[in-house]
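Reading through the structure tokens given below for one structure.
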């Protein structure tokens with residue numbers, strides 16, 4: 001609803017920016033899952049260590065949300081590494097995929 005309880009027109013609704021899932025979100029989810037499994041941690045154990053909920057971790061692993069930098073740092077600390085290391089791994093993975101798909105097209 002717009003101001004005064006009126007519905008927004010199509011032009012007003014179109015002005016609202018859409019959120020696109022960045023390729024790095026998919027890559028970060030894969031890196032997070034791989035690191036968690038390498039350390040033989042369940043989502044429950046990682047949630048306890050990081051102070052995040054299991055559903056938040058599940059969304060991150062499934063690329064269902066865009067993680068904030070402080071969330072990445074918390075997960076990194078809980079895994080015994082730096083969040084920056086996780087982010088760098090995800091960035092490299094996303095870049096490799098981008099190169100691979102650009103050569104196919």
Discussion item. For segment 1-52, which positions are part of a loop (DSSP other than H, G, I, E, B), under 23 Å from residue 85 (Cβ atoms) and either under 17 Å from the mean Cα position of the chain (by Cα) or at pLDDT below 95 (or both)?
Written reply: 21, 22, 51, 52
Worksheet entry | Yes/no for residue 86 being in a helix (DSSP H, G or I) and either touching a strand residue (DSSP E or B) at 6+ places or on another chain (Cβ under 9 Å) or under 18 Å from residue 27 (Cβ atoms) (or both) | yes
Item to complete: Check off (1) surrounded by 12 or more Cβ atoms within 10 Å (Cβ to Cβ); (2) at pLDDT 95 or above; (3) part of a loop (DSSP other than H, G, I, E, B) for residue 74 and give me the number that stays unchecked.
Response: (3)
Fill in: Residues of segment 54-87 satisfying the condition of being more than 23 Å from residue 42 (Cβ to Cβ) and over 13 Å from the mean Cα position of the chain (by Cα)
84
Discussion item. Need pairs with beta-carbon distance below 6 Å; first residue within 23 Å of residue 35 (Cβ to Cβ) and within segment 89-105, second at pLDDT below 80 and part of a helix (DSSP H, G or I); sequence gap 6+ or separate chains.
Written reply: 94/23
Discussion item. Looking only at segment 34-59, how many residues end up being buried (at least 16 other Cβ atoms within 10 Å of the Cβ) and more than 13 Å from residue 71 (Cα to Cα)?
Written reply: 4
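The values are calculated or read from the model by the stated rules, or taken from the named source; none is laboratory data. Just so it is clear, the structure is predicted and the values come from calculations on it, not from any experiment. For neighbour counting, all protein chains shown are included, and Cβ atoms are generated from backbone atoms with ideal geometry for every residue, glycine included.
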